[in-house]
Each structure stands twice: as structure tokens, then as C-alpha cells.
Amino acid sequence: MALPEATERLSHGAPTWFIAGKKTFVTFHNDHHGDGILGFWCAAPAGAQAELVGEEPDRFYVPAYVGHRGWLGVRLERSPDWTEVAEIIEDAYRTVAGPKHLKLLDAK
């Protein structure tokens, strides 16, 4: 919520964060359709999904429904590095933000 014009509401039954109430950048899931994962799905820069899932498949995964668009699944049940989580979320924001919101973010 510290990111410029970030809002949160339920989307498809899951807590989801948007930029200015419009563009989704993160969705939280707990055992989505019985997958046993506590984590979130987020927009990711081009190539990041393949790189992270390939390097650390125990921490990162290709999420259902949005994985084909390059989104990244991040597991939270495995002692996450919260600084890294914050960086991943900021990268997700930057991936979908327009110029106005990027300028606001960079001015912080």
C-alpha cells in the first residue's frame, strides 16, 4: 500500500492489489484450488519468471491462469526474505505501471 495509488480489494475471491484501482500487480493466495501453496502471484519483468523458477523452483513457480503471461508465483510458507519480497512487489508494480505512476514511484 506504500506504492503510489495502490489499492486493495477482493478479485476472484482473493486479496488483490491494483494501481489506481485498475491494473492488477499482485494477488495473494492461500491453497488456491487445493495447491497447498501460501503465496502470491505477481506481474514480472520479461524473462524473470523463467529465470527465478529455473534457479529456485522450491521458492518460485508458474502460477495458474496468469503464468502464460509471464507472471511469477512466490511461495511465502518457506521463510521468505522479506526485503526480497518487497523488491519483487515493487518490480511487479513497475511492470504494469504507466509513466505517471513510475514518475510518482521514482520521486519517493
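The values are calculated or read from the model by the stated rules, or taken from the named source; none is laboratory data. Note that the structure is a prediction, hence the values are computed from the model and not measured. Because the Cβ atoms are built from the backbone with ideal geometry, glycine has one as well, and the counts that use them run over all protein chains shown. Surface areas here come from the heavy atoms of the whole protein model, side chains and all, with no ligands, DNA or RNA. Shrake-Rupley method; radii C 1.70, N 1.55, O 1.52, S 1.80 Å.
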Are there any pairs, at least 6 apart or on different chains, whose C-beta atoms fall under 9 Å, with the first in region 77-98 and at pLDDT below 95 and the second loosely packed, with under 11 Cβ neighbours inside 10 Å and not in a helix (DSSP H, G or I), and if so, which? Glu77/Gly36; Arg78/Asp58
Scanning region 1-29 for residues that are closer than 17 Å to Val66 by Cα and small (Gly, Ala, Ser), the one most open to solvent (accessible area, probe 1.4 Å) turns out to be Gly13
Residues of region 30-43 satisfying the condition of being out of contact with any helix residue (DSSP H, G or I) (no Cβ under 6 Å at 6 or more places or on another chain) and surrounded by 13 or more Cβ atoms within 10 Å (Cβ to Cβ): Asn30, His32, Asp35, Ile37, Leu38, Gly39, Phe40, Trp41
Glu51 vs. criteria over 13 Å from the mean Cα position of the chain (by Cα) and farther than 20 Å from Thr16 by Cβ: yes
For residues that are among the hydrophobic types (A, V, I, L, M, F, W, C) and open to solvent by 90 Å² or more (accessible area, probe 1.4 Å), tally how many sit in region 78-108. 1
Can you name every residue in region 62-75 that is on the phi < 0 side of the Ramachandran plot and within 12 Å of the chain's Cα centre (by Cα)? Val62, Pro63, Val66, Gly67, Trp71, Leu72, Gly73, Val74, Arg75
Can you tell me which condition Ser79 does not meet? The list is (1) in a helix (DSSP H, G or I); (2) more than 11 Å from the chain's Cα centre (by Cα); (3) hydroxyl-bearing (Ser, Thr, Tyr), and all the others hold. (1)
Selection status of Ala20, within 19 Å of Arg75 (Cα to Cα) and not hydroxyl-bearing (Ser, Thr, Tyr): no
